[in-house]
Structures are given as structure tokens and as C-alpha cells.
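The structure appears right after this line, and notes come after that.
The values are calculated or read from the model by the stated rules, or taken from the named source; none is laboratory data. On a predicted model such as this, the values are computed, not experimentally measured, just so you know. Ideal geometry is used to build each Cβ from the backbone, glycine not excepted, and the neighbour counts take in all protein chains shown. To get the accessible areas, we keep the full protein, side chains included, count just its heavy atoms, and leave off ligands, DNA and RNA. Shrake-Rupley method; radii C 1.70, N 1.55, O 1.52, S 1.80 Å.
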Amino acid sequence: MRTAYSVETVRTAERELMARLPDGALMQRAAAGLAAACADLLGRVYGRRVVLLVGSGDNGGDALYAGARLARRGAGVAAVLLSPDRTHPGGLAALRRAGGTVAGPGGAAEDLVGRADLVVDGIVGIGGKGGLRPDAAALAEAVRGSRAAVVAVDLPSGVEADTGEVRGAAVRADLTVTFGTHKPGLLIDPAREYAGTVRLVDIGLELPPEAELEALQHADVARLLPRPAAESDKYRRGVVGIAAGSARYPGAAVLAVSGALRGGAGAVRYVGPAGDTVIARFPETLVSDQGPRKAGRVQAWVVGPGAGDDAATVAEVVETDVPVLIDADGLRLADRDAVRARTAPTLMTPHAGEAAALLGVAREEVEGARLESVRKLALLYGATVLLKGSTTLVADAGGGAVRVNATGTPWLATAGSGDVLSGLAGSLLASGLPALDAGSAAAYLHGLAGRYAADGAPAGAHDVAAAIPEAWRDVRD
């Protein structure tokens with residue numbers, strides 16, 4: 001599992017470590033890792049042109065010491081000092097001893113960037129807020145227009161480490177070399193898009209057990225997925241109820257059922273007006289037209305995909321005492337107080353537009369502050385919330401680490417894909433997983449399935465559902 005920690009936690013760990021190390025040793029560790037990553041990216045160091053963008057903080061010191069190491073290996077290294085009177089003195093002296101040169105911001109610096117093979121971004125550290133200042137913004141624009149490879153020190157300058165927000169001009173990196181641990185902004189869009197590939201350098205930090213963010217890997221998901229035992233029957237494996245679809249949107253019911261059938265539950269019950277359509281496609285489905293209360297035993301419900309204005313069915317499902325997943329139209333129709341009053345787990349799965357409507361803000365606000373938005377929504381509804389998007393986030397109402405998933409592909413942005421995800425997650429709820437784990441595992445499998453289904457070309461939601469078994473086997477193998 002990859003973890004990410006807040007700026008405050010990282011700084012506390014750094015202070016504790018520095019108190020046990022000789023002066024400057026921690027920066028030398030970081031600089032050594034940074035220089036090695038730059039050398040790997042360059043391939044050949046001797047004769048290459050390297051430009052360091054150096055601010056006043058420790059990131060600038062890391063860049064200068066790393067630049068000195070590259071200069072000693074034969075690279076031509078020039079440092080652009082954005083705050084000459086506050087530049088790290090030890091790092092600057094080391095660069096000069098190694099034969100590096102210095103320049104101030106302006107036209108000459110932008111010319112250096114234009115001729116560089118590699119640019120190292122050491123402008124702003126993890127405490128930076130807001131966009132870059134004008135001099136730095138001009139350099140970031142010059143970097144963007146150059147052919148140089150770009151390496152960011154710890155995180156790209158101009159992005160916010162704790163939130164993943166980008167409030168103005170920022171550096172776009174090809175590689176980010178981060179120290180000690182990932183920072184939340186490296187895993188969450190929109191900042192994640194600026195980070196490029198992320199390389200973690202261990203500098204010996206001792207961090208607390210609970211992180212700010214968690215990113216599941218194959219092994220983590222494999223441990224969560226249900227596996228039937230010899231004595232299992234369809235009821236012991238769990239029965240998931242799907243209350244979805246309408247005369248206008250029968251396909252939503254079919255797609256939700258398709259995801260549920262591939263999610264590990266022993267049986268799927270469908271309730272709604274699209275029963276004939278569902279049974280024609282999936283004859284193993286148990287179909288009822290008597291409403292959720294009379295559908296028979298279920299261990300979890302999925303309600304809302306394609307429901308139209310059927311508020312009565314949504315309310316009936318919300319009143320049950322089993323885990324409930326609310327999606328799509330159900331998010332709009334569910335009464336907030338009724339959701340908050342539930343004692344069984346609730347998992348809500350909005351995209352950014354739906355989350356914005358529930359929070360009463362503009363969609364752009366949610367997309368620009370995804371971490372804050374998912375936490376607010378979980379607290380507002382007293383529910384676990386899965387915020388869909390290029391980096392899907394899953395937050396628990398009780399707080400704790402937010403799960404982040406990045407297995408998806410842009411090809412998943414297709415009609416009905418979310419219905420498949422809802423059915424899959426609902427099936428995992430019915431098999432007994434807690435809401436946080438069910439949402440996280442479902443997002444992971446759904447993202448992998450999207451990649452397999454697309455394989456570089458457009459794919460429909462039904463293709464994604466069909467690829468779930470392949471994703472499941474990949475995770476389990």
C-alpha cells in the first residue's frame with residue numbers, strides 16, 4: 001500500500017530525524033537521491049546541460065547539492081536564483097566549487113532553460129500555497145515551452161501538497177522525486193497531472209501508522225476480495241438487491257446487474273420496471289416487481305441508477321437495515337436526514353457534478369478541491385463517499401485515511417460505466433466488506449477492467465463489466 005502524509009506530519013518527522021543526525025545530513029540524503037534520479041533520466045550525464053530553478057527554501061538547497069553532484073560528473077550546471085539573498089548558502093557554495101554557474105531570473109534565465117537538457121524545479125517546497133509569483137511563473141512557462149526533461153524536487157512548484165489543488169501557475173514535471181513519503185497532492189488531481197512519474201526516495205523518516213491518504217495495490221485488494229469456501233452456498237456468499245432502472249432508462253438496470261453478477265455475491269435480486277430486459281440479458285437474476293420490501297432476503301442494496309423520479313423506491317431502500325449503496329438519481333432523491341439516521345453502512349458514489357449539487361457549490365469547486373469535497377460530503381451525510389473521477393477518492397464519515405485510486409483510464413468516461421461500478425461495489429457490500437473496503441476494491445477492479453476493455457480504443461460500459469473477471473484474476477494471481 002502506498003501512503004501519503006500531511007505537510008505537518010512530514011515536518012515533524014523531519015525535525016525528529018534531524019535531531020539525531022549530523023548537521024546537513026538529511027539534505028545530503030535527499031540530494032543524493034535526487035541526483036541519482038536525474039542521472040537515470042538523462043542516461044548520460046557528461047556534457048549534458050542542466051538548469052536548476054532555485055527558490056529560498058530547502059528544496060532549493062536540495063537542487064543545488066544535487067546539481068553539484070551532477071557537475072562533478074561532467075554536466076554543465078547553471079542555477080537560476082529567484083531569491084539570491086536567501087539562497088541556501090551551503091548548497092550554493094557546493095555548486096560553485098563543482099564548477100556550476102549562477103544567474104538571476106529574466107531573459108537570460110529563460111534562454112538557459114530553452115537550451116537545457118534537464119530542468120530541476122526547486123522553486124517552492126511543500127509549504128507553498130497558491131500559484132507561483134510572476135518571476136517563477138515566467139520560468140514555469142519557459143520550461144513548458146522547452147524540450148528539456150523536467151524533474152520536480154519533492155513536488156512541482158505551484159501545487160499544494162496537502163490538498164492537490166492548483167490555484168495558479170505551476171511547474172509541470174516529467175518526474176517528481178519525493179522524499180520520505182508521498183504527499184497527498186502527488187496522488188490527487190489536479191496536482192497529480194503536474195507531477196508526472198513519482199519516484200520515492202527513502203530518507204529514513206519515522207511516520208505514524210495512520211496516513212492522510214492510502215492507495216491500494218494489487219496485494220491489498222487481493223486480501224479484501226471474497227473467496228467462497230467449500231461449504232458456501234449462494235446465500236452465504238451474499239445476495240445483493242438492485243433497485244434501478246425505469247421505463248426511460250432500462251439500460252441502467254442491466255448495467256448495474258452486470259456489475260453485481262461479477263462482484264462475488266452469490267445471487268442478484270432485481271427490483272424495478274426493467275425486469276424483462278434484465279432477465280433477457282441475465283437469466284440468473286432473481287427478478288421481482290413487488291418493491292424492495294417484498295423482494296426477499298438481501299445482504300445489501302444498490303439504489304438509484306436510472307431511477308428517474310422514483311423517490312418512493314429510494315426512500316424504501318434507505319429505510320432498510322442492511323448496507324446500502326446510493327448512486328445517480330438516488331443521490332438526488334435520497335433525503336439527507338434519512339441517510340444520516342441510518343445505522344447500517346451507507347456508500348454514496350457521486351461524480352463531481354452530483355457531489356457539487358449535494359454540497360451546493362459549483363462543479364469546478366469540487367474538481368479543484370477533490371480531497372476537501374469528499375471529506376465534506378462524507379461528514380454531511382454521515383456516510384462513506386466514493387467520489388468518482390480520474391483519481392477516485394473514498395472517504396469514511398468517521399474520518400481516518402482517505403483511499404485514493406488511480407487504476408482507471410479516460411476511456412471509462414462513458415455512459416453507464418458508473419452503473420457497472422455501483423453493481424460491483426454493491427456485490428462486495430453484500431459479501432460482507434465494510435463500505436470503505438467495498439468502495440475501494442470496486443474502484444480498483446473497475447479501473448483495471450476499464451483498461452483491459454479499452455486496450456487503447458473506445459469501449460462501452462458493457463465491455464467494462466465483461467472485463468471484471470480478468471481484472472479479478474489479475475489481482476488474485
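For the reader, a short list of remarks on this structure follows.
- First in segment 103-116 and touching a residue at least 12 places away in the same chain (Cβ under 8 Å), second anywhere and among the acidic types (D, E) and surrounded by fewer than 19 Cβ atoms within 10 Å (Cβ to Cβ), Cβ under 6 Å, 6 or more apart: P105/D135
- V113 vs. criteria at pLDDT 95 or above, touching a Cys at 6+ places or on another chain (Cβ under 9 Å) and under 24 Å from V45 (Cβ atoms): no
- Test: residue in segment 416-426 that is under 14 Å from the mean Cα position of the chain (by Cα), among the charged types (D, E, K, R) and either at pLDDT 95 or above or open to solvent by less than 60 Å² (accessible area, probe 1.4 Å) (or both): no
- Entry remark, segment 304-338: residues being in a loop (DSSP other than H, G, I, E, B) and under 29 Å from the mean Cα position of the chain (by Cα) number 10 in total.
- Selected residue [at pLDDT below 95 and closer than 21 Å to D220 by Cβ] from A401, A406, A413: A406
- Per-region count, segment 301-330, residues buried (at least 21 other Cβ atoms within 10 Å of the Cβ) and not β-branched (V, I, T): 12
- Taking the listed residues G251, G296, G238, G266, the one that is among the small types (G, A, S) and farther than 14 Å from A430 by Cβ is G251, with no other qualifying.
- Matching residues, segment 166-191, being charged (D, E, K, R), out of contact with any Gly (no Cβ under 6 Å at 6 or more places or on another chain) and modelled with pLDDT under 95: D189
- If the condition is being modelled with pLDDT under 95 and under 31 Å from the mean Cα position of the chain (by Cα), then segment 264-289 contributes G264, A265, G266.
- Of everything in segment 45-60 that is surrounded by 24 or more Cβ atoms within 10 Å (Cβ to Cβ) and of a type in the set (A, V, I, L, M), the residue that is farthest from V119 (Cα to Cα) is V54.
- Put simply, of G432, G368, G360, G450 the only residue that is open to solvent by 20 Å² or more (accessible area, probe 1.4 Å), under 29 Å from H182 (Cα atoms) and out of contact with any strand residue (DSSP E or B) (no Cβ under 6 Å at 6 or more places or on another chain) is G368.
- Residues in segment 12-33 that are loosely packed, with under 14 Cβ neighbours inside 10 Å and in contact (Cβ under 8 Å) with a residue 24 or more places away in the chain: E16 alone.
- Here R73 meets the list (1) within 19 Å of A191 (Cα to Cα); (2) charged (D, E, K, R); (3) in contact with a Phe, Trp or Tyr (Cβ under 7 Å, 6 or more places away or on another chain) almost entirely, failing just condition (1).
- Taking the criterion of being assigned to a strand (DSSP E or B) and among the β-branched types (V, I, T), the only residue of segment 281-299 that qualifies is V287.
- Residue count for segment 115-140 under the criterion of being under 17 Å from V50 (Cα atoms) and more than 26 Å from the chain's Cα centre (by Cα): the result is 6.
- Strands (runs of 3 or more DSSP E) wholly inside segment 141-241 containing at least 3 residues that are crowded, with 18+ Cβ neighbours inside 10 Å and touching a residue at least 40 places away in the same chain (Cβ under 8 Å): 149-153, 175-179, 213-215
- Residues of segment 385-401 classified as on the phi < 0 side of the Ramachandran plot and open to solvent by 10 Å² or more (accessible area, probe 1.4 Å), total: 7
- Filtering segment 286-300 to residues that are surrounded by 21 or more Cβ atoms within 10 Å (Cβ to Cβ) and of a type in the set (S, T, N, Q) leaves only Q299.
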